[in-house]
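**Q** The structure is given below, and queries will be raised subsequently.
Only the coordinates and a few stated rules stand behind these numbers; no lab work does. Not measured: the values here are computed from a predicted model. When we count neighbours, we look across all protein chains shown, and the Cβ atoms used for this are built from the backbone with ideal geometry, even at glycine.
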Amino acid sequence: NAGVMQNPRHLVRRRGQEARLRCSPMKGHSHVYWYRQLPEEGLKFMVYLQKENIIDESGMPKERFSAEFPKEGPSILRIQQVVRGDSAAYFCASSPPNGGYGNQPQHFGDGTRLSIL
Amino acid sequence: GENVEQHPSTLSVQEGDSAVIKCTYSDSASNYFPWYKQELGKGPQLIIDIRSNVGEKKDQRIAVTLNKTAKHFSLHITETQPEDSAVYFCAASSTQFYFGTGTSLTVIP
């Protein structure tokens, strides 16, 4: 399956712990996007990365949240000192390297459901 | 920033009937409008998209129309089938994607 792969599918953390969510883009894609979805709501943009660069992080909270997309390996969304309000589904999407920002199809993974106890 | 509104939030149709979902956007700079289908426990799946230089696009039973002047675009599904039941999201983009709040479509056999 050459689709966007996210793991883990489900993650349970206690308040104050750290959560790490991983995303491997589709083969040949070098642009990665992270979104957050609350129940019965649409997806909210968090961050857009290319290899080793954060291009747009305007949707990501300034504290506790960080993202990276290293030269080798998957993209990581990291949430430190989690709180109950961080409970949500987090989706990763990828797009190919050609074309501009925001006008290319984005292909989504099946998400990580994060639950905070 | 962009504001995307989507209606209706829920829609039930009889199998074989048509379904229409409508979205409006606020930013005239938006130039790319994808539609996604999301099934329970899955990620959104791109089903069709349209760019601002096109007024209509069709792919089998699915069509999308765009009115740039009025800043609205619509998804049309004809001859609906039970497997079309899902949540559908529209999005508008000039840079980042802005999603609507979704329409839960139920096709009644």
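**Q** Looking at (1) more than 12 Å from chain A (Cβ to nearest Cβ); (2) in a loop (DSSP other than H, G, I, E, B); (3) not hydrophobic (A, V, I, L, M, F, W, C), find the lone condition where B:SER30 falls short.
**A** (1)
**Q** For region B:50-93, which residues satisfy the criterion of being closer than 11 Å to B:ASN31 by Cα, over 13 Å from the mean Cα position of the chain (by Cα) and buried (at least 20 other Cβ atoms within 10 Å of the Cβ)?
**A** Residue satisfying the conditions is B:SER93 alone.
**Q** Show me the strands (runs of 3 or more DSSP E) entirely contained within region A:3-117 in which 1 or more residues are of a type in the set (Gly, Ala, Ser) and over 25 Å from B:CYS90 (Cα atoms). Please lay out each step first, then the result.
**A** On the way: elements: A:5-7, A:10-13, A:19-24, A:31-37, A:43-50, A:53-56, A:65-68, A:75-79, A:88-95, A:112-116.
The qualifying strands (runs of 3 or more DSSP E) are A:19-24, A:65-68, A:75-79, A:112-116.
**Q** OK, next. In region A:15-61, what residues are over 30 Å from B:THR10 (Cα atoms) and among the basic types (Lys, Arg)?
**A** Within region A:15-61, A:ARG15, A:ARG20, A:ARG22, A:LYS27, A:LYS51 qualify.
**Q** Restricting to region B:33-45, what's the tally of residues that are touching a residue at least 24 places away in the same chain (Cβ under 8 Å) and facing chain A (nearest Cβ under 9 Å)?
**A** 4
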